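> Could you have a look at this structure, given as structure tokens, before my questions?
The values are calculated or read from the model by the stated rules, or taken from the named source; none is laboratory data. Computed from a predicted structure; not experimentally measured. Glycine also receives a Cβ, built like all others from the backbone with ideal geometry; neighbour counts cover every protein chain displayed. What goes into the accessible areas is simple: the full protein's heavy atoms, side chains included, and nothing from ligands, DNA or RNA. Shrake-Rupley method; radii C 1.70, N 1.55, O 1.52, S 1.80 Å.
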Amino acid sequence: MAAAKSEVESSQQNLTESSIKDSKIILRPTYEHVIRKRLPPRFPKSDKDFYITNKTNFKAQLNKCEKLLDSGEQEIVIHALGAAVSRACNLALQLKENHHGTVDLDINTSTVDITDDFEPITDDADYEVNQRQNSAIHIRVFRTALFETFK
């Protein structure tokens with residue numbers, strides 16, 4: 001029984017080691033490097049573009065978008081990256097609900113290349129760069145009906 005168990009464990013360990021070698025995941029000891037995440041590429045910033053993060057208060061982001069739409073702006077664009085994608089979707093749906101169907105949504109998703117720098121803490125370690133991909137969403141919120149007719 002013990003021999004069969006050790007065979008299963010060793011085959012699982014070999015499978016795990018081979019899957020790690022085959023994948024593009026590179027494990028680095030954290031005690032040798034400090035991870036510095038570079039800023040992702042951004043679209044040109046205008047008054048109509050909103051970049052959503054999980055750190056900013058949701059109500060503040062909603063009020064900012066509402067204020068711009070209420071001032072007569074015909075469209076705004078909401079951008080989000082990674083974990084903030086769900087927050088951007090919630091924000092856009094909240095705007096649509098608050099404006100009683102007078103705004104509509106045009107949603108595009110994409111993948112963004114992100115670069116991480118591994119800076120060495122000790123003299124023995126090397127400086128390394130890691131490329132990864134992250135999901136992004138771009139939501140265009142635009143008016144379908146004239147704003148003045150509902151005032």
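> Which residues' amide hydrogens lie under 5 Å from the amide hydrogen of residue 103, considering only partners 5 or more residues apart or on another chain, with H built in the peptide plane?
144
> Once the piece of chain linking residue 36 and residue 142 is laid out straight, how much longer is it, given 0.36 nm per residue of separation minus the C-alpha distance between them? Don't skip to the end; give the middle numbers.
Numbers: separation 106, 0.36 × 106 = 38.16 nm, distance 3.70 nm.
That works out to 34.5 nm of additional length.
> Let me ask you something else. Sort 90-100, 65-75 by packing, meaning the average of other beta carbons within 10 Å per residue, with the highest value first. Provide the component values of the computation, followed by the final result.
Values: 90-100: 15.7, 65-75: 14.0.
Top to bottom by mean Cβ count within 10 Å: 90-100, 65-75.
> Rolling a 1.4 angstrom probe over the protein heavy atoms, how many square angstrom per residue are accessible across segment 82-138? Before the final figure, lay out the partial values.
Values: 3300 Å² over 57 residues.
On a per-residue basis, 58 Å².
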